[in-house]
Amino acid sequence: MDSWLAVPVPALPGTGATLTLHDSARGRLAPTCEPGRLHPATMYVCGITPYDATHLGHAATMIAFDVVQRVWRDSGLPVRYAQNVTDIDDPLLERAARDGEDWVALGLRETALFRQDMEALRIIPPTSYVGAVESIDHIVSSVSKLLCNDLAYRLEDGTGDVYFPIAAAPRFGKESNLDRTEMLRLFAERGGDPHRAGKRDPLDPLLWRGQRAGEPAWDGGDLGQGRPGWHIECAVIALQELGETIDVQGGGSDLLFPHHECSAVHAEVLTGRAPFARHVVHAGMIGFDGEKMSKSKGNLVLVSQLRAEGVDPMAVRLALLADHYRSDRMWTGELLASAQRRLGRWRTAVGTGRGPAGGTVLSAVRQCLADDLDTPGALAAVDAWADAVLAGAMGGASGGSRGGASPSTLVADCVDALLGVSLAQR
Ligand code: 5CA
Ligand code: ZN
């Protein structure tokens, strides 16, 4: 499906360093792709289920992985980035039924709004933006292949439902490293069906759901009419768009188990290669009013709502970059107000055309971001520069007069290219 408009990324002098990221599977930091590698760095990020509008939790996760892409590009790596849209799944059908709306119209409307929000936040669009529905043929052939190889089984209750036996995947559990009790708890909480009769293991995930009365269904060939399970959707789209082994499998930390665990083992048994992802990367949860922000809880602050109120999307972006991407954190009015003040200070400082040499800021921002996306450190480096400019620390000297870009242009380009924040006046 269509992605959104490309974002211009200013060229910076020199190149950034190797990006180190926290890998959930190893539970520690590890370097990602070496700069200079000729084949692209590949990243798959789990996208929205479009039954409600983009909230600040989605925005924070998308911004975190946008910075991953920006740092990779700055280190000279070409990047291939795929993101899905879960445009058929239970939550979409449930919301459409609740509101008496057509599920296709609901999904299209919310996906269109998500694209506008991503553009406003200056997120570089994915190379491949792919819906579950448009991937059904590939999913059907993958599930059929698993069935033929005894890596999937049909329930014998006439529903046509097909499950994945986790016993056939020796690496099941290697991404999340959770004990079974915790797995069972999360599986039940996050869309799984541990008590479904006829399954070989309560944790076996659904691959294909046979058609039910009143539900949409597609031709699954030997699988019969039905629709795809959730985890196989992401496995198949990632394999299709990025190849057998990817550099980063990403999303919010709510997806570590069972979603990412199951997607990874689906991909691994399909390809016979492991691990599916060299890095499994999770963004922390954004909350509001003391709880995780989620469509099901309804405690949402929407990007589109802030935009409609006239809030500068660059201030929203800065607010979400103010704390580390892996920390669970609350959205507050003060967080936004503080980002608005910071944005104002940075714009004023850049607007003077003066200041201490921008190269120092660029090195500091590069160094911070390469270290597991230390955006608070990167913001502090720009703050220090802006404070020095605003305090007139250079006694009015302009760096622009000696030829080349002025320090302020270099800082503006650095903030734009690496943090995705445009300092152009609105
Ligand atoms: N379609 C699936 C993934 S395949 C899904 O989880 N959709 S979603 O709309 O619920 O979430 C979209 C992305 O935003 C996911 O990466 C999810 O982990 C992330 N996300 C959802 N809620 C939050 C939150 N409160 N804070 C941070 N990230 C969040
Ligand atoms: Zn996913």
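The values are calculated or read from the model by the stated rules, or taken from the named source; none is laboratory data. Worth saying up front: this structure is predicted, and the values here are computed from it rather than measured. We place every Cβ from the backbone using ideal geometry, glycine too, and count neighbours over all the protein chains shown.
Here are some notes:
- Residue within the range 79-100 that is under 27 Å from residue 10 (Cα atoms), β-branched (Val, Ile, Thr) and outside any loop (DSSP other than H, G, I, E, B) present: yes
- Selected residue (criterion: surrounded by the fewest Cβ atoms within 10 Å (Cβ to Cβ)) from residues of the range 179-193 that are closer than 15 Å to residue 229 by Cβ and modelled with pLDDT of 95 or more: 190
- Just one residue in the set 176, 141 is of a type in the set (Gly, Ala, Ser), under 23 Å from residue 237 (Cβ atoms), within 29 Å of the chain's Cα centre (by Cα) and surrounded by fewer than 16 Cβ atoms within 10 Å (Cβ to Cβ); that residue is 141.
- Among the residues of the range 58-79, none qualifies, meaning not one is among the small types (Gly, Ala, Ser), within 16 Å of residue 123 (Cβ to Cβ), touching a Ser or Thr at 6+ places or on another chain (Cβ under 8 Å) and within 16 Å of ligand 2 (Cβ to nearest atom).
- In the condition set (1) assigned to a loop (DSSP other than H, G, I, E, B); (2) within 16 Å of ligand 1 (Cβ to nearest atom); (3) more than 21 Å from residue 25 (Cα to Cα), residue 202 is compliant with all but (2).
- On inspection, residue 71 passes the criterion of being closer than 17 Å to residue 365 by Cα and β-branched (Val, Ile, Thr).
- Of the residues 156, 110, the single one that is at pLDDT 95 or above and part of a loop (DSSP other than H, G, I, E, B) is 156.
- Condition check for residue 26: farther than 30 Å from residue 136 by Cα, in contact (Cβ under 8 Å) with a residue 24 or more places away in the chain and out of contact with any Ser or Thr (no Cβ under 8 Å at 6 or more places or on another chain): no
- Checking 265, 248, 281 one by one, the residue that is farther than 22 Å from residue 72 by Cβ, in contact (Cβ under 8 Å) with a residue 40 or more places away in the chain and buried (at least 24 other Cβ atoms within 10 Å of the Cβ) is 265 and no other.
- Residue match in the range 4-11 (condition: modelled with pLDDT of 95 or more and crowded, with 24+ Cβ neighbours inside 10 Å): no
- Restricting the first member to the range 139-155 and to residues that are touching a residue at least 40 places away in the same chain (Cβ under 8 Å), and the second to residues that are of a type outside the set (D, E, K, R) and surrounded by fewer than 19 Cβ atoms within 10 Å (Cβ to Cβ), the beta-carbon pairs closer than 6 Å and six or more apart or on different chains are 140/221; 151/168; 155/198.
- So residue 320, is it assigned by TED's automatic domain parsing to the domain that holds residue 371, within 22 Å of residue 416 (Cα to Cα) and buried (at least 18 other Cβ atoms within 10 Å of the Cβ): yes
- Residue tally, condition not aliphatic (A, V, I, L, M) and not in a helix (DSSP H, G or I), over the range 299-344: 13
- Residues being at positive phi, more than 16 Å from ligand 2 (Cβ to nearest atom) and at pLDDT 95 or above are represented in the range 25-35 by at least one member.
- Selection within the range 50-65 - at pLDDT 95 or above and either on the phi > 0 side of the Ramachandran plot or surrounded by fewer than 23 Cβ atoms within 10 Å (Cβ to Cβ) (or both): none
- Of all residues assigned to the range 208-216, at least one qualifies as being under 16 Å from residue 156 (Cα atoms) and among the charged types (D, E, K, R).
- Selection within the range 280-298 - in contact with a strand residue (DSSP E or B) (Cβ under 9 Å, 6 or more places away or on another chain) and either outside any strand (DSSP E or B) or more than 15 Å from ligand 1 (Cβ to nearest atom) (or both): 284, 285, 289, 290, 293, 294, 295, 297
- The set of residues in the range 162-200 that are in contact (Cβ under 8 Å) with a residue 60 or more places away in the chain and in contact with a Lys or Arg (Cβ under 6 Å, 6 or more places away or on another chain) contains only 162.
- Residue match in the range 40-53 (condition: farther than 18 Å from residue 296 by Cα and over 17 Å from the mean Cα position of the chain (by Cα)): yes
- Test result for residue 11, in a loop (DSSP other than H, G, I, E, B) and in contact with a Pro (Cβ under 7 Å, 6 or more places away or on another chain): no
- Total residues in the range 345-359, condition surrounded by fewer than 21 Cβ atoms within 10 Å (Cβ to Cβ) and not in a helix (DSSP H, G or I): 4
- Taken over the range 268-277, the residue count meeting the criterion of being surrounded by fewer than 24 Cβ atoms within 10 Å (Cβ to Cβ) and either part of a strand (DSSP E or B) or free of Cβ contacts under 8 Å to residues at least 24 places away in the same chain (or both) is 1.
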